[in-house]
Amino acid sequence: PLIPPPSPAVSALRRAQGRPERGRGTARQAPPVASTDGQLVRRLGFWSSIGLVIGITIGSGIFRTPATIATRVPDPTLMLAVWVLGGLISLCGALSVAELAASLPRTGGWYVYLRESWGRLAGFLFGWSELVLIRASATGAVATVFSEYLQRSFGYAPEETRTNVIAAAAILFSAAVNIRGAQIGAAFAAVSTAAKFGALVVITLAAFLVAGPDASMSNFSTSAGPVDPGLFGLAIISVLYAYDGFADLAFAAGEVKDPQRTLPRAIIFGTLAIIAIYLAANLAYLYANPINRLAQSPLIAADTMQAIAGRIGVTFVSVVVTVSTFGALIGIMLPAPRVFFAMAEEGLFFRV
């Protein structure tokens, strides 16, 4: 209920005691939330936002992780169950983040949620961890995979110095694109998202429609050995790595149009789309390869396409992974600096 404004004497007494005044319509005000909305323009719509969710999440994981999962869980049904379980866990996380993002649609994402829940120290520690460890290592890893596959696409074997130089140049380019504007960065991410999503659909359809005589439905029922419960748990961790990225859009929530509506829809629908394409890709891998061959193939997408289309298939996958990782790099570079921007607004980071 609304509380009537206090008398002048009561107001003076409250000011003298350092207590907030309780005027009309202010009885149940929420605690202050970090806000940078006045400096950042809300330019990202629903499709740009969902493109960021998918673009950041789908990097190189779906092209490399299946071999690791097959090694730890050498049973086709249980291997698919790992991907389903990892998707459900990620969807629970997406639902939680979606609710937080709709309630606190501010630049900084998880930094804002931690600061509001646990105070400035928690926000400070999270932000600096993002800068020097979490985001730095993720960006470097994605850029390195991009560099390796770019060289393979042009027929060169990856060489360490050249790989590092190309990876560093890719990070600088990604930064420059996003400095130019959030819309440009989102557009790059959206184009690469469409390309990688389409390429995964092509790989899946090719495996089912034009796979060679080795392809068989019996691959789904032939186990390569018993499954250790501990390795099953490790497999879930690997799958969660492939699903990681669904929450990064929240970092740039201050630039999303109609955030209470757009953020939850983009995070949830983007995660559901990722689960669907991951399951479809793994079904295709298993259809074209027995579980023991899948476990021995770190580059299963390339090997599957080589079996179907020869050298052209390998080149196609190399280009797909190059585009995929580059899009993920562009996407990662867009939301991460918003954490430090929000920290600087509150004096927890260098103002400059």
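The values are calculated or read from the model by the stated rules, or taken from the named source; none is laboratory data. On a predicted model such as this, the values are computed, not experimentally measured, just so you know. Using ideal geometry, Cβ is built from the backbone for each residue, glycine included, and neighbour counts are taken over all protein chains shown. The protein model used for the area step is the full one, side chains on, heavy atoms only, and it has no ligands, DNA or RNA in it. Shrake-Rupley method; radii C 1.70, N 1.55, O 1.52, S 1.80 Å.
Quick rundown of the values:
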read-out	value
Accessible area of region 90-145 divided out per residue, in Å², using a probe of 1.4 angstrom	47 Å²
Shape of region 123-188, Cα gyration tensor, a/c cut at 1.5	oblate
Solvent-accessible area per residue, Å², over region 242-334 with all protein chains present [probe radius 1.4 Å]	32 Å²
With DNA, RNA and ligands ignored, accessible area of ASP228 (1.4 Å probe; Å², nearest 10)	80 Å²
Linear extension gain, LEU234 paired with ARG43, 0.36 nm per residue minus alpha-carbon span	64.8 nm
ARG261-VAL201 pseudo-label distance in nm [points 7 Å out on the Cα-to-Cβ vector]	2.6 nm
Rounded percent of accessible protein surface that carbon and sulfur make up, region 43-201, 1.4 Å probe	70 percent
Label point distance in nm, PHE154-LEU133, each placed 7 Å from Cα along Cα→Cβ	3.6 nm
Sum of side-chain charges, VAL319 neighbourhood, beta-carbon under 15 Å (Lys, Arg +1; Asp, Glu -1)	+2
Shape category assigned to region 272-331 from the gyration tensor of Cα positions, a/c cut at 1.5	oblate
Sites GLN296 and ALA176 - FRET efficiency at Förster radius 41 Å, r taken between beta-carbons, to 0.05	0.50
